[in-house]
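So the structure is just underneath, and the comments pick up after that.
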Amino acid sequence: MTGLRIEGLSYEHRLRDAHLTARPGETVGLIGPNGSGKTTLLRCVYGTLAPTAGRALLDGADLRALGPKARARRVATVPQDSAVDFELTVRELVALGRSPHKRFWEGDTAADRDRADAALARVGLADLADRPYPTLSGGERQRALVARALVQEPELLVLDEPTNHLDIRHQIDVLGLVRTLGTTTLLAIHDLNLAAAHCDRLYVLESGRVVTGGTPAEVLTPELLAAVYGVEADVVPHPRTGTPTVLYLPSPPGDQKTSSI
Amino acid sequence: MTAVAAAPAPARPAAATPGRGRFALVAAGLLAALAAAVLGSLALGSVRIPPGQVLDALTGRAAPSPYRTIVLDVRLPRVILGIVVGAGLAVVGTVLQALVRNRLADPFLLGISSGASAGAVLVLVLGIGGGLTTTLALPAGAFAGSLAALVLVYALARRGSTMTGPRLVLAGVAVSYVLTALTTLVLVSAGRPEHFQEALYWSFGGLGSARWDTLLMPTAVLVLGTGVLLALARPLDLLLTGDEGATVLGLDTARFRAAVFLLASLVTAVMVAASGAVGFVGLMVPHAARLAVGAPHRRLLPVAALGGALALVVADLGARTVAAPQDIPVGVLTALTGGPFFLWLMRRRPEGAAL
């Protein structure tokens, strides 16, 4: 299995000298306020941005140097923008995940369609395979995109806010699904409790810098939450699972504390 | 994950999802309709020719006769040009809609037709080519004008190494307006009313100039261009998932878009040089084809080609017969019938997908 190592990755002023690692099979979460550089970091990894400095190495291979197609054979991405024009069916969209493994003029074979169906079954969308993708709900779309990433058979899975716009049930489903894949995974995520429950380790970004990293219990402390997010919170073990759980306090009237940048 | 409850099924019927099985059916139906339209076009016109004699002429069993001449030397090249131009415009329209991710894109949104008109009008007004004007110099001028527009749009739409859909549309529309204005300016200041008629015919398009010796170029370009685009079906499908989606699936979107834009523009330029700017086929047929067989280009492009050929052959039959012996520019008919048809298509499109 494959590990990711990010060395001094920078993009203009939005991401500065980021260092992090994801060990083989690990699920690593990026947390941080809006505009802290999570998406920028992910884009530099999956290749829609060219880093201005530093490297992202997958098993020692510089992802930037691989080029789009070779990179797509190793890194599967569930991007934030999942709009699809025109009515591709769900199965057709998922089967496009085979593209990096095919010559551009090759069509889908029966094996490709079987693979797509298997992936759809795995994400619980088997019944919707023939539906036009634009008619799916947000949660269904997100799971279809995870299915597309599955047929890519990647060594690294990158997800940008995979739980955005989903109701809580689907948030838990999508993250639980990602966990069961066993693939090395890097994801940006807003919800700290979901991050704590589903990630092996977390990195915290603030103003384009990685300020700290470690297990959820090491990272999620009242001091960090106050410093990075500007909120007052208690962190307690979940009564049944023991994972760190953040309990926010309403800010007192008149106290408009913001980030400590 | 196994316990995920199915989301409430939408009220929309599953019929909005055409499957692969329909492709053969649709293609066969279109082929049959095209064959019928071709026979009809060969038989009907200012002179009606019995279908039996049309078939005799086609199969070479007819003795030399005026009928045979009309069928083989007048109507047949015109019908073939209709097939070629209709198929070409529909294929290019389909591809451009994917390329700029805009359902309103058509071969002429991107400035090609106004470039062709400008080129043709310049040839007319300057009298380039002398006696050859209508047969050779005009198409050559139109082609040169299209190429000039293409280069201009291409240069304007590129920023660094990227070329996005919206920039392409904006550049195309801007170039279109400027060239149209220049065309009118040249026409008006030349002060030769007889040029207006010719320019009008050019800007609406017509198949009246079809001759055997001018068919080779558009036919070859259609076959080559469609072949290449069909081979690019997979990357074209990837573009439907957006630039970021296509990139993470391994497509170099900037280079691909630029290359396909050039190819599509060249095909359009050749078609327009042969027939003038026949509107609406390239806008309307792709939508109808998508409704019939879905969005994947491997199925869509052949169906669009057949549909475009059928639409233009039928429209040209109308153009020749509705006000016979007057030849209406076929573009007038495609716009007159295409507009309402297009609105009807848009109304029955499934909601949810953006324009």
Search the stretch B:206-233 for residues being of a type outside the set (Val, Ile, Thr) and free of Cβ contacts under 8 Å to residues at least 12 places away in the same chain, and hand back the single one that is farthest from B:Ser117 (Cα to Cα). B:Ala231
Any residue in the stretch B:239-247 that is part of a helix (DSSP H, G or I), touching a helix residue (DSSP H, G or I) at 6+ places or on another chain (Cβ under 8 Å) and touching a residue at least 40 places away in the same chain (Cβ under 8 Å)? yes
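Residue-wise test of (1) touching a Gly at 6+ places or on another chain (Cβ under 6 Å); (2) more than 23 Å from B:Ile80 (Cβ to Cβ).
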position: B:Val178; (1), (2): no, yes
position: B:Thr184; (1), (2): no, yes
position: B:Leu187; (1), (2): no, yes
position: B:Gly191; (1), (2): no, yes
position: B:Leu200; (1), (2): no, yes
position: B:Leu207; (1), (2): yes, no
position: B:Leu215; (1), (2): no, no
position: B:Val223; (1), (2): no, no
position: B:Val228; (1), (2): no, no
Among the residues of the stretch A:79-92, the number that are more than 7 Å from chain B (Cβ to nearest Cβ) and assigned to a helix (DSSP H, G or I) is 2
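Just to confirm my filter: which helices (runs of 4 or more DSSP H) fall fully inside the stretch B:96-203 and include at least 1 residues that are within 14 Å of chain A (Cβ to nearest Cβ)? Show your work before the answer.
Values: elements: B:112-126, B:138-157, B:165-190.
Of the helices (runs of 4 or more DSSP H) lying wholly inside the stretch B:96-203, those with at least 1 residues that are within 14 Å of chain A (Cβ to nearest Cβ) span B:165-190.
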Any hit, the stretch A:154-167, residues being in contact with a strand residue (DSSP E or B) (Cβ under 8 Å, 6 or more places away or on another chain) and farther than 20 Å from B:Gly250 by Cβ: yes
For the structure I just gave you, tell me whether A:Thr48 is of a type in the set (Val, Ile, Thr), within 19 Å of the chain's Cα centre (by Cα) and under 17 Å from A:Thr185 (Cα atoms). no
Going through the stretch A:98-128 one residue at a time, which ones are closer than 15 Å to B:Leu249 by Cβ and facing chain B (nearest Cβ under 8 Å)? A:Ser99, A:Pro100, A:Lys102, A:Phe104, A:Glu106
Given (1) assigned to a helix (DSSP H, G or I); (2) within 13 Å of chain A (Cβ to nearest Cβ), number of the condition B:Leu251 does not satisfy: (1)
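Each row is one residue, and each column tells you yes or no for (1) touching a strand residue (DSSP E or B) at 6+ places or on another chain (Cβ under 8 Å); (2) within 28 Å of B:Ala305 (Cβ to Cβ); (3) surrounded by fewer than 18 Cβ atoms within 10 Å (Cβ to Cβ).
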position	(1), (2), (3)
B:Ala90	no, yes, no
B:Ala98	no, yes, no
B:Asn102	no, yes, no
B:Ser117	no, yes, no
B:Val123	no, no, no
B:Ala137	no, no, no
B:Ala142	no, yes, no
B:Ala148	no, yes, no
B:Arg159	no, no, yes
Condition first: farther than 28 Å from A:Glu140 by Cα and of a type in the set (A, V, I, L, M). Can you find one or more residues in the stretch A:25-39 that meet it? no
Matching residues in the stretch A:195-216 (in a loop (DSSP other than H, G, I, E, B) and β-branched (Val, Ile, Thr)) number 1
Subset of the stretch A:126-154, residues basic (Lys, Arg) and more than 24 Å from A:Thr185 (Cα to Cα), comes to A:Arg131
Only one of A:Ala76, A:Ala65, A:Ala95, A:Ala70 that is more than 11 Å from chain B (Cβ to nearest Cβ) and not in a loop (DSSP other than H, G, I, E, B): A:Ala65
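So if I check each of B:Leu301, B:Leu240, which one is within 13 Å of chain A (Cβ to nearest Cβ), surrounded by 21 or more Cβ atoms within 10 Å (Cβ to Cβ) and over 19 Å from the mean Cα position of the chain (by Cα)? Even if it seems obvious, please write down each step before you answer.
Values: B:Leu301 fails: over 19 Å from the mean Cα position of the chain (by Cα).
Result of the check over B:Leu301, B:Leu240: B:Leu240.
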How many residues of the stretch B:193-211 are surrounded by 12 or more Cβ atoms within 10 Å (Cβ to Cβ), out of contact with any Leu (no Cβ under 8 Å at 6 or more places or on another chain) and among the charged types (D, E, K, R)? The answer is 1
Residues of the stretch A:15-56 satisfying the condition of being closer than 14 Å to A:Leu156 by Cβ, surrounded by fewer than 19 Cβ atoms within 10 Å (Cβ to Cβ) and either out of contact with any Asp or Glu (no Cβ under 7 Å at 6 or more places or on another chain) or without any contact (Cβ under 8 Å) to a residue 24 or more places away in the chain (or both): A:Thr21, A:Arg23, A:Pro24, A:Gly25
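Restricted to the stretch B:57-115, and to residues that are among the small types (Gly, Ala, Ser) and under 12 Å from the mean Cα position of the chain (by Cα), which residue is farthest from B:Ala43 (Cα to Cα)?
B:Ala105
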Quick one: is A:Thr135 of a type in the set (S, T, N, Q) and facing chain B (nearest Cβ under 7 Å)? yes
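Check the stretch B:212-232 and report whether any residue there is away from chain A (no Cβ under 14 Å), in contact with an Asp or Glu (Cβ under 6 Å, 6 or more places away or on another chain) and on the phi < 0 side of the Ramachandran plot.
Going residue by residue through the stretch B:212-232, those that are away from chain A (no Cβ under 14 Å) are B:212-225.
Checking which are in contact with an Asp or Glu (Cβ under 6 Å, 6 or more places away or on another chain) leaves us with none.
Checked against the condition, which is being away from chain A (no Cβ under 14 Å), in contact with an Asp or Glu (Cβ under 6 Å, 6 or more places away or on another chain) and on the phi < 0 side of the Ramachandran plot, the stretch B:212-232 yields no hits at all.
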Can you name the residue in the stretch A:137-194 that is charged (D, E, K, R) and assigned to a helix (DSSP H, G or I) and, of all such residues, is surrounded by the fewest Cβ atoms within 10 Å (Cβ to Cβ)? A:Arg169
Could you tell me whether B:Gly282 is within 14 Å of chain A (Cβ to nearest Cβ) and in a helix (DSSP H, G or I)? no
Considering only the stretch B:1-53, state which residues are within 14 Å of chain A (Cβ to nearest Cβ) and at pLDDT 60 or above. B:Arg20, B:Gly21, B:Arg22, B:Phe23
Looking at (1) touching a residue at least 12 places away in the same chain (Cβ under 8 Å); (2) assigned to a helix (DSSP H, G or I), which one does B:Val47 not meet, given that it meets all the others? (2)
Expected single match for away from every other protein chain (no Cβ under 14 Å) and either among the hydroxyl-bearing types (Ser, Thr, Tyr) or surrounded by 24 or more Cβ atoms within 10 Å (Cβ to Cβ) (or both) among B:Ala269, B:Ala335 is B:Ala269
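Would you be able to say whether some residue in the stretch B:58-70 is within 30 Å of A:Arg122 (Cα to Cα), at pLDDT 80 or above and part of a helix (DSSP H, G or I)?
Pass one, the stretch B:58-70, residues within 30 Å of A:Arg122 (Cα to Cα): none.
Within the stretch B:58-70, not a single residue is within 30 Å of A:Arg122 (Cα to Cα), at pLDDT 80 or above and part of a helix (DSSP H, G or I).
The values are calculated or read from the model by the stated rules, or taken from the named source; none is laboratory data. Values in this document were obtained by computation on a predicted structure and should not be read as measured data. Don't worry about glycine lacking a Cβ; one is built from the backbone with ideal geometry, like all the others, and counts go over all protein chains shown.
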